[in-house]
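The structure appears right after this line, and notes come after that.
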Amino acid sequence: MPSGFDPVADFKALGEAPERPTTEARWLEVQDASLLLEAARTYPHDRDKGGRTVVPFVHELIATMLLTGGRESEVLGLEVDDVSFDRQTVTFRPNAWRRLKTKGSQRTVRLWPQLEEILRPYVFTERPPSRLLFPSPYLKPEGMVEDWRKSLDAVAARAGWKPGAIRSKQFRHTYATARLQTTDRGAPVASWTVAKELGHTGTAMIERTYGHLGEVRHRSDVVEYRVEQHAAKLGDRLHFAVTSGKVSR
């Protein structure tokens, strides 16, 4: 197209195309992720009073996001059959509820021990009868959760964050950061392994966006966010998160 009709081409012709910002992604330190999980686990649901502020599976949902690295729509669209306790896997694949972002997004990730501990009782005793792992409590017939930000804000506030400070995208970044610190048969896990688990077809995104390793750096065989491992560092934040939720940050 002639000059003046395609600004992108004009930028390239002049050698002035703007560069994409290279700022690091936001994520949670391991101890903060463990605190959020504990706040979700102990959240006092008002089921008997008809409370609808927080989805009843908020603990399981946050745990699945933190322990698989799945995108929000990927996790919300998981079916029960996508979780295999026999094979110890979680599979992301397209279904009737949602598509996946790219071809590389179809993948299978490990069912980490902590996630199995959280999902097993939910799947076999607590989950409503449905194909979806996390069906919307408000849609009939069965459907995906459309917006759970109020649920996330309520749990985050209990742990001391302000409304809007915690969003699901941070869970994906948190998983990537924690996974990069794990070992694979005694050696540091390969960036390519982490990239595949996140649904990427190369390691560039891992190195550019998830390359930070956070303040807590330790090698582990598994990805986990266990609050008891960080109780001393969390101090009063932990106490308030599981009791009154009045701590400020």
Averaging sequence separations of C-alpha pairs under 8 Å and six or more residues apart, then dividing by the length of segment 23-242, give the relative contact order as a whole percent. 31
Give me the one-decimal nm value for the distance between modelled label points at THR243 and GLU207, 7 Å along each residue's Cα-to-Cβ direction. 4.9
Using 1/(1 + (r/R0)^6) with R0 = 35 angstrom and r between the beta carbons of ARG185 and TYR138, what's the FRET efficiency to the nearest 0.05? 0.15
Of LYS103/LYS196; LYS150/LYS233; LYS101/LYS150, which sit over 18 Å apart, Cα to Cα? LYS150/LYS233; LYS101/LYS150
State the extension gain, in nm to one decimal, for the chain segment bounded by ARG87 and LYS233, taking 0.36 nm per residue of separation less the distance between their alpha-carbons. 49.0 nm
SER73 paired with ARG131, simple spin-label distance in nm, labels 7 Å along Cα-to-beta-carbon: 1.8
For the residues MET144, MET205, what sequence is obtained by ranking on other C-beta atoms within 10 Å, fewest first? MET144, MET205
Expressed as a whole number of Å, what is the distance separating the alpha-carbon centroids of segment 146-185 and segment 217-236? 15
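Each reported figure results from applying straightforward, stated rules to the coordinates on display, with no laboratory input. Computed from a predicted structure; not experimentally measured. Don't worry about glycine lacking a Cβ; one is built from the backbone with ideal geometry, like all the others, and counts go over all protein chains shown.
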